[in-house]
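After the structure tokens below, expect a handful of questions from me.
The values are calculated or read from the model by the stated rules, or taken from the named source; none is laboratory data. Keep in mind the model is a prediction, meaning the values are calculated, not measured. Counting neighbours? That spans all protein chains shown, and the Cβs are built from the backbone with ideal geometry, glycine included. We work out accessible area using only protein heavy atoms, side chains counted, and drop any ligands, DNA or RNA first. Shrake-Rupley method; radii C 1.70, N 1.55, O 1.52, S 1.80 Å.
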Amino acid sequence: MSPRVVFPNKILPYLLLAPQLAITLVFFYWPASQALYQSMLREDPFGLSSKFVWFANFRKVLSDPNYLNSVHVTIVFSVATAAVAMSVALLLAVMADKVVRSRGLYRTLMIWPYAVAPAIAGMLWLFLFNPSIGSLAYGLRWLGISWDPLLNGSQAMVLVVAAASWKQISYNFLFFVAGLQAIPKTLIEAAAIDGAGEHKRFWTIVFPLLAPTTFFLLVVNTVYAFFDTFGIIHAVTGGGPGKATETLVYKVYNDGFVNLILGDSAAQSVILMAIVIALTAIQFRYVERKVHYG
Amino acid sequence: MATVDLKDVRKVYPGGVEAVKGVSIAIPDKALCVLVGPSGCGKSTLLRMIAGLETISAGSCAIDGKVVNAIGPTERDIAMVFQNYALYPHMKVYDNMAYGLRNRGTPKDEIDRRVRSTAKTLELEHLLERRPRELSGGQRQRVAMGRAIVRNPKVFLFDEPLSNLDAKLRGQMRVEIKNLQRSLGVTSVYVTHDQLEAMTLADVLVVMNAGLVEQSGAPLDIYEKPASTFVASFIGAPPMNLLPLRSGQFEGAVTLPAVPGNAATLGFRPEDCEVRVEAGGIAADGALRLLARVEGVEPVGAESFLYCQAAGGRIVVRVPGRTELQAGDQLPVFARREKLHFFGSDGKRV
């Protein structure tokens with residue numbers, strides 16, 4: 001326990017906190033309350049008047065089959081993206097840990113994709129897998145796969161998941177490498193002497209000891225898949241074909257800014273906010289406790 | 001149960017650094033062999049080569065008569081206690097001890113029986129459900145020992161296991177390790193830089209320096225007949241007094257017994273000195289006699305150490321009990337002929 005700092009001046013602590021509070025108020029609480037307010041308004045088709053409708057927008061959104069489809073799409077997309085991004089990153093990190101020569105170069109190269117902007121990453125994958133001009137799409141067709149993400153919803157999903165995970169792998173890789181380095185070498189040696197083969201050592205010693213890192217990345221990746229993948233989806237599929245890759249965030253944008261149904265869009269934002277708060281709270285409350293040890 | 005034979009073992013690191021430069025040691029069955037030396041002398045590297053954690057660049061390591069150079073640590077049937085204990089932090093004490101047995105496919109009730117009986121021996125029974133972080137340093141040390149014992153291996157390896165404990169606990173654990181090792185009768189190799197630990201634990205003591213064995217043998221033999229100035233100054237606390245000789249002469253000596261012709265250094269232990277305050281007192285025949293000035297006195301209780309300046313260099317003298325001598329006092333120092341050691345110009349005993 002560190003001793004509590006006591007300020008003799010009564011106003012100074014508030015002054016010191018003021019900039020942080022101001023930023024939070026202006027950039028979080030104000031827009032959030034605006035969203036909450038707007039989610040209870042309904043505009044006429046020409047945007048000339050609006051009416052306070054209480055929770056009618058929420059009722060409408062939650063009974064909309066398109067919205068429920070979007071929930072489903074988001075779950076599939078997020079779980080797949082987090083799973084792929086984390087497992088591939090872990091595999092690469094474990095491999096990188098074994099590299100003896102030019103380890104630094106290997107790691108630097110691994111980090112590069114993180115510097116690519118989401119929209120550009122999306123375009124990259126779009127071009128590579130474009131059914132008519134993509135070089136890798138050509139390869140897939142040569143393998144006998146009828147590759148057409150513009151018409152096939154599942155293939156479109158695979159494409160956005162691949163693009164979204166690819167971008168996140170670097171970030172996860174960095175943390176896994178750091179996490180692996182933090183595991184004392186003697187533990188691995190003790191396990192080897194204790195008769196555990198390499199595979200067994202990984203699953204019984206390394207993986208459990210990586211749990212704090214894995215948990216942290218799980219939170220970050222879920223939030224990433226939920227919110228930061230708009231650019232990729234927008235560039236690669238635009239939510240299509242049909243609504244096969246329309247995630248919740250993308251639908252908020254579509255309904256609000258493309259279709260200009262502001263009330264519905266705001267209601268969706270509020271639901272999204274509630275989901276994120278709940279998700280983070282659950283993760284920190286129940287998962288974190290099990291993975292931290294001294 | 002097992003012997004350990006090292007034959008001309010060498011370790012060369014990729015950078016070209018030779019950490020171990022050809023070491024041959026034969027450890028008999030059930031013996032406790034202590035490797036002692038200053039840091040960087042290659043003792044830990046040697047231990048890790050026996051464990052299979054480092055590859056052997058040249059030479060051979062045989063456990064129980066079987067060369068194990070090409071065998072990994074998993075198949076060598078050894079157990080190791082690490083300096084930082086290396087307990088698995090996410091496992092309970094019970095699971096820490098059971099881990100090695102589980103990996104080897106021991107039946108469940110057999111594991112339970114062995115873990116519990118080992119825990120009983122080490123008085124760990126009440127800690128089995130705890131995690132390592134909930135234990136004190138001494139308890140962690142015991143768990144690390146337990147994890148090694150429970151497997152019933154051919155060889156125990158100890159890598160400075162007591163260096164993280166406080167002095168009192170260290171003394172206690174030293175006795176316990178010795179008793180345990182003797183009662184279990186498992187061949188052991190023990191690495192330490194603490195000469196006291198080395199002296200008290202070892203059946204076979206190996207003093208290492210710069211990747212080579214300086215001397216090996218029974219601890220008291222080494223103490224009484226150090227093979228080189230390095231061993232003389234490393235074994236014993238405070239270390240042996242070493243004074244340079246110039247062509248068989250020693251300027252500071254009032255009387256000097258017959259010196260071997262090629263001796264370059266004269267040595268005698270602080271505890272082999274006698275002090276006669278009244279000058280010209282009893283001077284035993286053939287004893288060394290020199291004059292020294294006290295620079296500092298360290299009373300330890302049962303004995304006192306006098307730090308003195310003699311003509312040839314600094315010396316330490318041990319006197320029993322308390323002393324009235326003070327800094328600045330002049331006194332004659334005697335050492336009997338049979339307690340003198342002579343070393344050649346290469347540092348080797350003559």
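Over all residues in B:95-103, what is the mean tally of Cβ atoms on other chains that come within 10 Å of each residue's Cβ?
4
Before anything else, pin down the relative contact order of the range A:132-284: Cα pairs under 8 Å, at least 6 apart, normalised by residue count, whole percent.
24
In what order, largest first, do B:D5, B:D346 sit by accessible area if the probe radius is 1.4 Å?
Result, largest first: B:D346, B:D5.
Evaluate the relative contact order of the range A:62-188 (contact order divided by residue number), counting alpha-carbon pairs under 8 angstrom at least 6 apart; express in whole percent.
The value is 38 percent.
Can you pull out the trypsin sites (Lys or Arg not before Pro) in the range B:90-130 that DSSP calls coil and that have at most 14 other Cβ atoms within 10 Å?
Here the trypsin sites (Lys or Arg not before Pro) that fit, given the DSSP loop and packing criteria, are B:R104.
Only helical DSSP H runs with n ≥ 4 go in: add -39500 (n - 2.57) per run for chain B, normalise by residue count and round the 222 nm mean residue ellipticity to 500 deg cm²/dmol.
-7500 deg cm²/dmol
Leaving out ligands, DNA and RNA but keeping every protein chain, what accessible area does A:Y106 have, in Å² rounded to the nearest 10, with a 1.4 Å probe?
Roll a 1.4 Å probe over it and A:Y106 shows about 80 Å².
Quick one: longest stretch of chain B between exposed loop GluC sites (Glu not before Pro), exposed meaning at most 15 other C-beta atoms within 10 Å and loop per DSSP?
Longest run free of exposed loop sites: B:1-122.
Can you give the % of DSSP beta bridges in the protein assembly as shown that are antiparallel, to the nearest 5?
75
Shielding of B:78-91 by partners, i.e. mean partner chain Cβ atoms within 10 Å per residue?
5
What is the set of long-range amide H partners of B:E295 at a cut-off below 5 Å, with H atoms built 1.01 Å from backbone N?
B:Y307, B:C308, B:Q309, B:G328
What ranking do A:112-118, A:229-235, A:55-61 get when scored by the average of other Cβ atoms within 10 Å per residue, highest first?
Ranked from most to least packed, the peptides come out as A:229-235, A:55-61, A:112-118.
Taking only Cα atoms, what is the 0 to 90° angle, nearest 10, from helix B:167-184's long axis to the longest principal axis of chain B?
Relative to chain B, helix B:167-184 is tipped by roughly 60 degrees.
Also, quick follow-up: Compute the projected area of the convex hull of the Cα atoms of chain B, averaged over all viewing directions, and report it in nm² to one decimal place.
Mean projected area of the Cα convex hull: 20.9 nm².
Hey, what do the phi angles of the range A:103-115 turn into as Karplus ³J(HN,Hα) couplings, whole Hz, using 6.51/-1.76/1.60 and θ = phi - 60°, x for Gly and Pro?
The phi angles translate into 4, x, 4, 4, 5, 4, 4, 5, 8, 3, x, 5, 7 Hz.
How would chain A be classified by its alpha-carbon gyration tensor: rounded, prolate or oblate, with rounded meaning a/c under 1.5 and the a/b versus b/c comparison settling the rest?
Cα axes put chain A in the oblate bin.
Lys/Arg Cβ at +1, Asp/Glu Cβ at -1, dipole of the protein assembly as shown taken about the Cα centre: which of B:L101, B:P270, A:A225 is farthest positive-ward?
Result: A:A225.
Looking only at other chains, what is the average number of their beta-carbon atoms within 10 angstrom of each beta-carbon in A:198-204?
2
Using alpha carbons only, what's the Rg to Rh ratio of the range B:128-207 with Rh from Kirkwood?
0.96
Another one. When a/c is below 1.5 the answer is rounded, else prolate if a/b is larger than b/c, else oblate, so apply that to the range A:47-203 with a ≥ b ≥ c taken from the square roots of the Cα gyration tensor eigenvalues.
Verdict is prolate for the range A:47-203.
Still on this structure, I have one more. Please go through the residue pairs B:K168/B:K339; A:K185/B:K30; B:K43/B:K348; B:K30/B:K66; B:K120/B:K178; B:K7/B:K154 and name each one whose alpha carbons sit more than 25 Å apart in this structure.
B:K168/B:K339; A:K185/B:K30
Sticking with this structure for a sec: What Rg and what Dmax come out for the protein assembly as shown when only alpha-carbon atoms are used, in angstroms?
Just the Cα atoms of the protein assembly as shown yield Rg and Dmax of 36.9, 124 Å.
Moving on to the next point. Given the whole protein assembly as supplied and a 1.4 Å probe, what does the accessible area of B:Y94 come to in Å², nearest 10?
Approximately 30 Å² for this residue.
Please give the solvent-accessible surface of A:S49 in Å², to the nearest 10, using a probe radius of 1.4 Å with every protein chain present.
Accessible surface of A:S49 is approximately 70 Å².
For chain A, what does the relative contact order come out to in percent, with C-alpha contacts under 8 Å and a separation of six or more?
The value is 28 percent.
A follow-up question, please. As an exercise, identify the trypsin sites (Lys or Arg not before Pro) in the range A:86-129 lying in DSSP coil whose Cβ has no more than 13 other Cβ atoms within 10 Å.
A:R101
Among B:D95, B:D166, B:D29, what's the order by accessible area (1.4 angstrom probe), most exposed first?
Sorted by accessible area, descending: B:D166, B:D29, B:D95.
Please give the charge dipole size of the range B:4-229, origin at the Cα centre, charges +1 on K and R Cβ atoms and -1 on D and E Cβ atoms. Round to the nearest 20 debye.
Result for the range B:4-229 is approximately 580 debye, rounded to the nearest 20.
Spin-label point model (7 Å from Cα, Cβ direction): what's the A:R285 to A:W54 distance in nm?
Between A:R285 and A:W54, the label points sit 2.8 nm apart.
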